[in-house]
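Below you'll find the structure, written out as structure tokens, and then a few comments.
What follows is calculated from the coordinates using simple rules that are stated; it is not laboratory data. Predicted, not measured: the structure shown is a model, and the values here were computed from it. Cβ: placed from backbone, ideal geometry, glycine included. Neighbour counts: every protein chain shown.
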Amino acid sequence: MVRTFGADDMLLLAYGTQWTVMIAAVAFAGGIVGGLIVALCRTSPLAWLRVPATLVIEVFQGTPLLMQLFLVYFGFAILGLNVSAWSAVALAFTLHASAFLGEIWRGCIEAVPKGQSEAAFALSLSYWSKMRYVVLPQALRISLSSTVGFLVQLIKGTSLASIVGFTELIRTGQLIVNATYQPFLVYGIVGAIYFGLCWPLSLYADRLETRLAGARR
Amino acid sequence: MSVEIASPIPPPTAEDARAVERRAVLASMRHVDKYFGTFHALKDVNVDIHAGERIVICGPSGSGKSTLIRCLNMLEPIQKGEIVVEGVKLGVDMKRSNEVRRDIGMVFQQFNLFPHMTVLQNCMLAPMKVRGVAREDAQKTAMTYLERVRIANQAEKYPAQLSGGQQQRVAIARALCMNPKLMLFDEPTSALDPEMVKEVLDTMIWLAGEGMTMAVVTHEMGFAKAVAHRVIFMDQGEIVESAVPEAFFANPQHERTKAFLAQIL
């Protein structure tokens, strides 16, 4: 039965969009926590923390996101665990975000002048106080625009979840195309929705970057 | 290099220098060797810093003078010898080492104030987080020292809003808020415009008058003459000469010292 694209399909797309936003939101939230841990390990003077963190970053940066998704998705099956597509996808994207945010923030932590750490050390601040009150607040400022930039990549990257059968925005679009045979219209709308999600964030990232450049003297 | 020093305290005499050396040793370096890779930065360095003593360390760039005082609070690890502060050998028991390090304040060439905090917050952070001082008390102490360095009216400003000389005075106040027994100065006036050097030196002279134990790396020989009990000259990682200022300037013993003084004075 071929039907014409209509209001019901728009609702379906809205529903798909909701899942796209959900994956991105969960992965981003998880990635903030995981990324902070990765970044702190990666910048640690202790080799047993630094080396594994480096390895995690290299593996996630050196392999396609789709493969990471496959490995987590099918990995659960091999382990005999029956987890939902949603859980597998959410975990895979969280790991991915942790590694990438970890690497972004490592650079930002290292961009804070060495004199700041030395001053904190000379004042006898503990490692945690130094990070919490001196280094991370300054690294955070530097990191804002690239972090938001990564969120844009993440939102677009969630489209790969469609390949393992998770019904987010793209997958919803495919299903509608199968029923309506109006691929150009449907994918046009899907693209517009992605653009509507990402463009404001990109603009925001640009603004943060300009503000940061202005703040540096 | 030749700032006029109008010191409110009389320059220490040779007798003062001998008297201060009879006091207890606050910090000492014994046969310290330090390498940066293959570069031998400190060669068998021995120094005693007595309570109340004021030492000026000078020498050409790369002579190891900054490295020496950075080793004193463990900013740089050493490869041989030992550094003892208040009877604790640094780097052995880290807990004890960190406890005595609290009694050492440091002022850097580049100030290293925390740019995202106000002047007042800069001064309150360490006392609250390290010594566990209550916020109100930390603020009171901070304001007291900011007044002493004559910058209390800028307490709510951020470091970037201050001149270099003002920032360095804040850095001094920030270190003093930890109530240190020993203050280390690593070329505190080298990054300053000439017209700001004096206000920082005046602050350091005030501190000397308060009886603070100080180890100062500087090229300001006027400051050395005005307050130092002892001047140490370093070259190529070695302590070449160590003498009371009068003898050091009037009658340097070593050729290298003479050459250095001829260049700098």
Residue match in the range B:170-185 (condition: away from chain A (no Cβ under 14 Å), surrounded by fewer than 21 Cβ atoms within 10 Å (Cβ to Cβ) and in contact with a Ser or Thr (Cβ under 9 Å, 6 or more places away or on another chain)): no
From A:Leu144, A:Leu140, A:Leu136, residue being assigned to a helix (DSSP H, G or I), within 13 Å of chain B (Cβ to nearest Cβ) and farther than 26 Å from B:Asn98 by Cα: A:Leu140
Selection count, the range B:29-74, where residues are out of contact with any helix residue (DSSP H, G or I) (no Cβ under 6 Å at 6 or more places or on another chain) and within 14 Å of chain A (Cβ to nearest Cβ): 7
Residue count, the range B:87-111 (criterion: more than 11 Å from chain A (Cβ to nearest Cβ) and crowded, with 20+ Cβ neighbours inside 10 Å): 1
Single match in B:Thr213, B:Thr257 (criterion: touching a residue at least 24 places away in the same chain (Cβ under 8 Å), surrounded by fewer than 23 Cβ atoms within 10 Å (Cβ to Cβ) and not hydrophobic (A, V, I, L, M, F, W, C)): B:Thr257
Matching option when the condition is under 22 Å from A:Gly157 (Cα atoms), part of a helix (DSSP H, G or I) and not charged (D, E, K, R), among A:Gly75, A:Gly115, A:Gly107: A:Gly75
Selection within the range A:1-28 - among the small types (Gly, Ala, Ser) and touching a residue at least 40 places away in the same chain (Cβ under 8 Å): A:Gly16, A:Ala24, A:Ala27
Tally of residues being facing chain A (nearest Cβ under 7 Å), closer than 17 Å to B:Arg169 by Cβ and in contact with a Leu (Cβ under 9 Å, 6 or more places away or on another chain) across the range B:112-125: 1
Residue that is nearest to A:Phe28 (Cα to Cα) [pool: residues in the range A:69-121 that are within 14 Å of chain B (Cβ to nearest Cβ) and surrounded by fewer than 18 Cβ atoms within 10 Å (Cβ to Cβ)]: A:Ala111
Lone qualifier among A:Ser126, A:Ser202 - being surrounded by fewer than 17 Cβ atoms within 10 Å (Cβ to Cβ) and within 14 Å of chain B (Cβ to nearest Cβ): A:Ser126
Which listed residue, of B:Ala142, B:Ala152, B:Ala126, is under 30 Å from B:Asp193 (Cα atoms) and surrounded by fewer than 17 Cβ atoms within 10 Å (Cβ to Cβ): B:Ala152
